[in-house]
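Written below as structure tokens is the structure these notes are about.
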Amino acid sequence: MKTILSLMVALCGLAFSSNAQTGSAKPKSATTKTVVKKKSPIVMPLMIRNEDGGSSLYDLKRGDKLVYHVNANGKEYDFIVTINDESYENGIDFNYEMTDPVNLKGHVVISGQARSESTLYKNYFGGGELKLTDACTVWLSGKNFSDMPDKKTVMTFDNGSPETFYRPEQDEVLPVVKVKGKDMKIEGFMISNAESGKGNKTLWVNGISSNPLILKMDLGWTIELKEIR
């Protein structure tokens, strides 16, 4: 009887040990990690003239607001560009807002090809979505900027005819723009539709090829960068 009882206890112990081992071998549930891909920094520097006469760079960032003052057709208002994204492959993506009395909002994407190669410029927006594949705006195109060593380039504005714009000998401009609350001088150059630089159409452009931002434009109506928020 003792032998039978001892055998039953041993068998029970063996069964318990086997179950415990089986239970410990169960795989743990896998956890899935979500990988968030960070966007690459945008490359949009402004050339700044320091108080000591030297130069430095101020890098525009996503979310920066470029505030232009517009005087056109007897109306004055602000045109505010909010930078969303920028790359040579995908171009430039921005939102815009026109304040009272125009009161328009919209979203613009300049394609990479238009940013690089276009010589056509669109300056009139009607609100809503706009994809520019054959025209540039707010920025000078790579094509027009790369012509600057030759001192002239051909540009077409809206529904006008192609015109030659020249970079005069005395081409330096230093507009003062309030950048994040601080007055800064931006180093730029001017082009005009007259070799003397005194034509009836003039543009001021940030003096760096990776960000040829238009700082001021006079085409019979004017737009001028006043602030970066």
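Among the conditions (1) of a type outside the set (A, V, I, L, M, F, W, C); (2) without any contact (Cβ under 8 Å) to a residue 40 or more places away in the chain; (3) under 20 Å from Met155 (Cα atoms), Gly127 misses just one, which is (3). Taking each residue of the stretch 54-82 that is β-branched (Val, Ile, Thr) and surrounded by 14 or more Cβ atoms within 10 Å (Cβ to Cβ) and looking for partners that are assigned to a loop (DSSP other than H, G, I, E, B) and modelled with pLDDT of 95 or more with beta-carbon atoms closer than 8 Å, six or more apart or interchain, yields Val67/Arg229; Val70/Trp221; Ile80/Thr99; Val81/Val138; Thr82/Gly63; Thr82/Asp64. If you go through the stretch 92-111 one residue at a time, how many are surrounded by 16 or more Cβ atoms within 10 Å (Cβ to Cβ), more than 12 Å from Val138 (Cβ to Cβ) and either among the small types (Gly, Ala, Ser) or touching a residue at least 40 places away in the same chain (Cβ under 8 Å) (or both)? Within the stretch 92-111, residues that are surrounded by 16 or more Cβ atoms within 10 Å (Cβ to Cβ), more than 12 Å from Val138 (Cβ to Cβ) and either among the small types (Gly, Ala, Ser) or touching a residue at least 40 places away in the same chain (Cβ under 8 Å) (or both) number 1.
All conditions but one from (1) closer than 19 Å to Pro45 by Cβ; (2) surrounded by 14 or more Cβ atoms within 10 Å (Cβ to Cβ); (3) free of Cβ contacts under 8 Å to residues at least 60 places away in the same chain apply to Lys180; the one that does not is (2). Scanning the stretch 193-229 for residues that are assigned to a loop (DSSP other than H, G, I, E, B) and farther than 15 Å from Phe157 by Cβ yields Ala194, Glu195, Ser196, Gly197, Lys198, Gly207, Ile208, Ser209, Ser210, Asn211, Pro212, Arg229. Looking at Thr156, is it surrounded by fewer than 19 Cβ atoms within 10 Å (Cβ to Cβ) and touching a Pro at 6+ places or on another chain (Cβ under 6 Å)? Yes, satisfied. So which residues in the stretch 82-108 are among the hydrophobic types (A, V, I, L, M, F, W, C) and either over 25 Å from His69 (Cβ atoms) or in contact with a Gly (Cβ under 6 Å, 6 or more places away or on another chain) (or both), if there are any at all? Once the filter is applied, which keeps residues that are among the hydrophobic types (A, V, I, L, M, F, W, C) and either over 25 Å from His69 (Cβ atoms) or in contact with a Gly (Cβ under 6 Å, 6 or more places away or on another chain) (or both), the stretch 82-108 yields only Leu104. In this entry, Asp134 is excluded by the filter for residues that are without any contact (Cβ under 8 Å) to a residue 12 or more places away in the chain, of a type in the set (D, E, K, R), farther than 22 Å from Gly63 by Cα and out of contact with any Cys (no Cβ under 9 Å at 6 or more places or on another chain).
The values are calculated or read from the model by the stated rules, or taken from the named source; none is laboratory data. None of the values given here were measured: they were computed from a predicted structure. Cβ sites come from the backbone with ideal geometry, for glycine too, and all protein chains shown count toward neighbours.
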